[in-house]
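Please read the structure below before turning to the comments.
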Amino acid sequence: MGTFGCSSLESGKQFSPEQVINNALEETTEIGAYYAEAELITTEKGKDPEKILLKEWVNEDGKKRTETQMEDGSELSIAVNDGKQLISYQPELKQAFVIEGDELQALNQISPKQQAEQLLKMIQDTHEVRSEGEKEIVGRSTYHLVAEAKEDKGLFGDQELWIDKETWMVLKTNSSSGDINMEMVYTKLELSPDFDKDQFTLELPKDVEVLDLLEDMQEPSEITLQEAVEKVGNPFLHIPESEDLKIARIEVMELQGELSRNEVNIDYQNKGLPLFTMSVFQTPEDLDEEIGALPGEETVKIRNKEASFMDLNDFRSLSWQEEGLTYNILFIDPSLTMEEVSELVTEMVLAE
């Protein structure tokens, strides 16, 4: 990590990028009540930028209200957490999720400062960091750091961070990964504001459908190969067993909500050791929408089909579409090669 000094502070001290990150991670003071507005701008190669507007209200007791919408005012989403219950409401869809009790605790919602801490920890060892001095963001003085990824296949690409000198909150980020650039910037920040008591309550209209979030996230259940065909809804291809290659488990995840599909996962073992997992599901109608390349992703040929191979640090996967179905292979054994998988999928047979 670089050791270029930041410009002098009012106290006369100078901080290297490493010191700025360490100070941000060690600082334990959490911001109390605040109101914030921010913009999230996503730019994908060959497409127009997409902007999401965010508003957030947080009081001293941790109650939170968040509103997000597209720049044109569409896709409004409202979430209110009063500490006992979380209501997430989409007016255009007339749908809402209500989560409370132990389920709410399980979500483990984190503050903006905790989010910043997680990001800073993730880039400490994977990026070269240098200082670009100080800059004012939303009327507050910040340290401007540039973090360049040491490896092209890293989970996070190049990052720029603007860290508040007083609160150590990240007030602006700019990240590039593959063909996608994302910028998040606070446009308004008020500390210790006065809130109306009704700000953290949300009355749902009578015509709103309240969905069961746990139902959408149900645990997978173990099934047979014949049952898997029934769950997918069509005969599908699978890799047959051999002397060493065995199917250890077949399970189905019955997804609800917007996904609304059955996804079958088949775990394969080689000589009793985990080798890879193959998943199959009906290809969604909107999956053809073109998405920019991600870091570590390349196009390969599998079964005379165009496929996507992802090699991102220790994560490797292969996915392709065939006869209305989507197949994905997740590499488990680190010694398993792409050539070996290619040979295996060539021998796939129909499960009926």
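Read-outs throughout are calculated quantities, based only on the coordinates presented, and are distinct from any laboratory measurement. Since this is a predicted model, take the numbers as computed values, not measurements. No Cβ is skipped: glycine too gets one built from the backbone with ideal geometry, and neighbour counts run over all protein chains shown.
Can you give the FRET efficiency to the nearest 0.05 for Asp244 and Glu60, using r as the Cβ-Cβ distance and R₀ = 45 Å?
Numbers: r = 61 Å, r/R0 = 1.36.
It comes to 0.15.
Note on Glu285 and Glu67: the model spin-label points, each 7 Å out from Cα along the C-beta direction, lie 3.2 nm apart.
Could you sort out which of Lys55/Lys197; Lys64/Lys172; Lys121/Lys150; Lys45/Lys121; Lys94/Lys172 sit more than 24 Å apart by Cα distance in this structure? Among Lys55/Lys197; Lys64/Lys172; Lys121/Lys150; Lys45/Lys121; Lys94/Lys172, the Cα-Cα distance tops 24 Å for Lys45/Lys121; Lys94/Lys172.
Listed by chain and number, the lysines whose C-alpha is less than 19 Å from the C-alpha of Lys231, apart from same-chain residues fewer than 8 away, amount to an empty set. Applying 1/(1 + (r/R0)^6) with r as the Cβ-Cβ distance of Lys301 and Arg130 and R0 = 41 angstrom yields a FRET efficiency of 0.50.
Rank-order 167-179, 86-98 by packing density, defined as the average count of other C-beta atoms within 10 Å over each peptide's residues, highest first. List each step's numbers first, then the result.
Working: 167-179: 19.9, 86-98: 16.7.
Going by the mean number of other Cβ atoms within 10 Å, highest first, we get 167-179, 86-98.
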